[in-house]
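The values are calculated or read from the model by the stated rules, or taken from the named source; none is laboratory data. The model shown is predicted, which means the values in this text are computed figures rather than measured ones. Every residue, glycine as well, gets a Cβ built from its backbone with ideal geometry; the counts of neighbours run over all protein chains shown. The protein model used for the area step is the full one, side chains on, heavy atoms only, and it has no ligands, DNA or RNA in it. Shrake-Rupley method; radii C 1.70, N 1.55, O 1.52, S 1.80 Å.
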Amino acid sequence: MTNKERYEAAKEMYAEIGVDTDQALEVLKKIPVSMHCWQGDDVVGFDQDGPLTGGIQTTGNYPGKARTPEELMADIDEVLKLVPGTKKINVHACYAIFGDGERADRDALEPKHFAKWVEFAKERGMGLDFNPTFFSHPKASEYTLTSPDEEIRQFWIRHGQACVRISEYFAEETGIPCVMNVWIPDGFKDIPADRLGPRMRYKDSLDQILSIDYDRSKVYVCVESKVFGIGLEAYTAGSAEFAQNYVAKTPGTIPLMDNGHYHPTEMVSDKISSMLLFNDKVALHVTRPMRWDSDHVVLLDDETKEIAKEIVRNDAIDRVFIALDYFDASINRISAWTVGMRNMQKALLCALLSPNKKLKELQDQGRFTELMMLQEELKTYPMGAVWDYYCEQENVPVRENWYKEVQRYEEEVLSSR
Ligand code: RNT
Ligand code: ZN
């Protein structure tokens with residue numbers, strides 16, 4: 001049977017439960033998923049040689065990581081060949097690309113230092129997202145936007161402002177709004193004497209960053225919360241309450257939830273509806289925390305599917321910015337990227353192939369026996385046939401066939417790095 005024939009059979013099955021597979025694919029194709037550039041080089045970047053700091057960590061030493069902008073972009077191109085749908089590239093400020101002899105510290109970054117990323121995105125018809133880098137830098141060895149040292153704090157405020165300008169440049173050049181996410185690692189390893197002070201300074205720093213003139217319809221500034229980091233176990237200034245309240249009181253800012261940033265029994269899928277109720281827009285970092293914020297590759301697991309369901313069945317596709325955020329250095333990095341990107345889209349497809357209206361009715365009518373039965377039966381519906389057909393239509397390899405290309409690339413390119 002061809003992929004098309006299998007699709008037609010699946011289409012009939014879905015039609016019987018009121019799901020239009022053609023329409024599901026039309027919608028899926030247009031949902032942007034922002035791919036993090038930092039999976040390709042273990043969050044190193046191009047503007048410094050020091051270690052990764054900020055209480056985050058990559059583990060593993062798989063050969064072939066990208067060492068230059070050219071290598072990183074070539075690797076991203078490989079992934080783009082293997083992943084269907086609409087993609088954006090998510091760039092961190094530490095991925096600035098300097099010309100010969102050129103250099104700028106983080107507080108002096110300019111749009112021109114990202115011109116190559118713009119060129120890359122434009123040639124591929126993609127949008128760009130952006131992140132200031134408040135870590136892996138000599139001035140971030142203690143605190144950044146919460147620093148009690150006013151000189152250091154001002155340095156990082158200038159960095160944030162520079163990043164707003166770069167984000168605006170991205171949006172103007174690509175014609176696609178840029179999501180700019182602020183995450184700072186600032187916190188304490190042990191019980192603090194003052195929890196309020198750092199948060200007051202963080203709030204003031206964000207206010208100062210946002211005080212510059214920029215087009216709020218082009219740059220969406222997000223604040224990402226976190227519960228703890230390595231060496232920052234007792235306290236992080238940018239906690240969930242901080243981020244949530246900050247964005248609630250600051251028009252034009254958006255909360256960003258990373259599903260590795262909560263207590264392991266807390267689920268982001270359960271938080272999305274509340275956030276949607278009180279925010280025009282919500283941003284996500286989709287990752288896979290294993291026992292802690294370990295940033296494993298996104299799988300097609302229950303939580304990823306549940307997150308996708310919350311986006312789709314609450315009619316929030318245009319209100320939720322989906323970005324991936326993980327970094328696994330223990331396996332082929334192209335494969336790590338591809339698996340995560342394809343899985344995010346598979347999760348969205350599962351959600352789009354659910355008879356969501358009908359399931360909601362069953363809940364509202366208290367028909368919980370039937371609800372459980374149907375939800376369980378849906379799990380073995382032929383989503384795979386729809387996915388395969390979609391990949392074929394999008395001209396990307398079907399099923400595991402993409403891995404052959406990863407192997408070829410590893411042999412021909414990665415192995416000689
Ligand atoms: C860290 C945050 C943050 C980073 C990236 C690299 O815990 O999740 O989003 O992973 O900025
Ligand atoms: Zn994150």
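Among Gly55, Cys94, Leu324, whose Cα sits farthest toward the positive end of the charge dipole of the chain (+1 at Cβ of Lys/Arg, -1 at Cβ of Asp/Glu, about the Cα centre)? After comparing all options, I get Leu324. For the range 247-312, the carbon plus sulfur part of the accessible surface works out to 54%, probe radius 1.4 Å.
Remark on the chain: hydrodynamic radius 22.2 angstrom, per the Kirkwood mean of 1/r across alpha carbon pairs.
For the range 186-230, applying the loop criterion from DSSP together with a ceiling of 14 other beta carbons within 10 Å to the trypsin sites (Lys or Arg not before Pro) yields Lys189, Arg195, Arg216.
Scoring 156-165, 46-55 by mean Cβ neighbours within 10 Å over their residues and listing the highest first yields 156-165, 46-55. Among 176-185, 258-267, 350-359, sorting by the average number of other beta carbon atoms lying within 10 angstrom of each residue, highest first, gives 176-185, 350-359, 258-267.
Shown are His137, His113, whose ranking by accessible area with a 1.4 Å probe and every protein chain present, most to least, is His137, His113. Separation of the alpha carbons by more than 22 angstrom is noted, of Lys309/Lys346; Lys11/Lys404; Lys88/Lys358; Lys29/Lys65; Lys116/Lys218; Lys139/Lys189, for Lys11/Lys404; Lys88/Lys358; Lys29/Lys65.
Using the rule -39500 (n - 2.57) for each DSSP H run of four or more residues, divided by the residues of the chain, the 222 nm mean residue ellipticity is -14000 deg cm²/dmol. Sorting 250-257, 371-378 by their mean Cβ neighbour count within 10 Å, with the most densely packed peptide first, gives 250-257, 371-378. For the range 309-314, the Karplus equation 6.51 cos²θ - 1.76 cosθ + 1.60, evaluated at θ = phi - 60°, returns couplings of 4, 5, 6, 6, 6, 9 Hz by residue, with Gly and Pro reported as x. Near the amide H of Val182, within less than 5 Å, lie the amide hydrogens of Cys222, Val223, Glu224, all on another chain or at least 5 residues away, with H placed in the peptide plane.
Rolling a 1.4 angstrom probe over the protein heavy atoms with all chains in place gives the chain an accessible area of 45 Å² per residue. The 1.4 Å probe gives accessible areas that order Lys249, Lys346, Lys360, Lys122, largest first, as Lys249, Lys360, Lys122, Lys346.
Past the 29 Å Cα-Cα mark, which pairs from Lys271/Lys357; Lys249/Lys305; Lys30/Lys305? Exceeds cut-off: Lys249/Lys305. Beta-bridge orientation, the chain: approximately 15 percent antiparallel, per DSSP, counting only bridges with both partners inside.
If you look at the Cα atoms of the range 8-65, you get an Rg and a Dmax of 21.0, 58 Å. The alpha-carbon of Lys281 sits under 13 angstrom from the alpha-carbons of these aspartates and glutamates, leaving out residues fewer than 8 places away in its chain: Asp315, Asp318. If only the Cβ of Lys and Arg carry +1 and only the Cβ of Asp and Glu carry -1, the dipole of the chain around its Cα centre is close to 440 debye. Rounded to the nearest 10 degrees, the inclination of helix 69-82 to the longest alpha-carbon principal axis of the chain is 20 degrees.
Evaluated with a Cβ-only charge set (Lys, Arg +1; Asp, Glu -1), the range 87-178 carries a dipole of roughly 320 debye about its Cα centre, given to the nearest 20.
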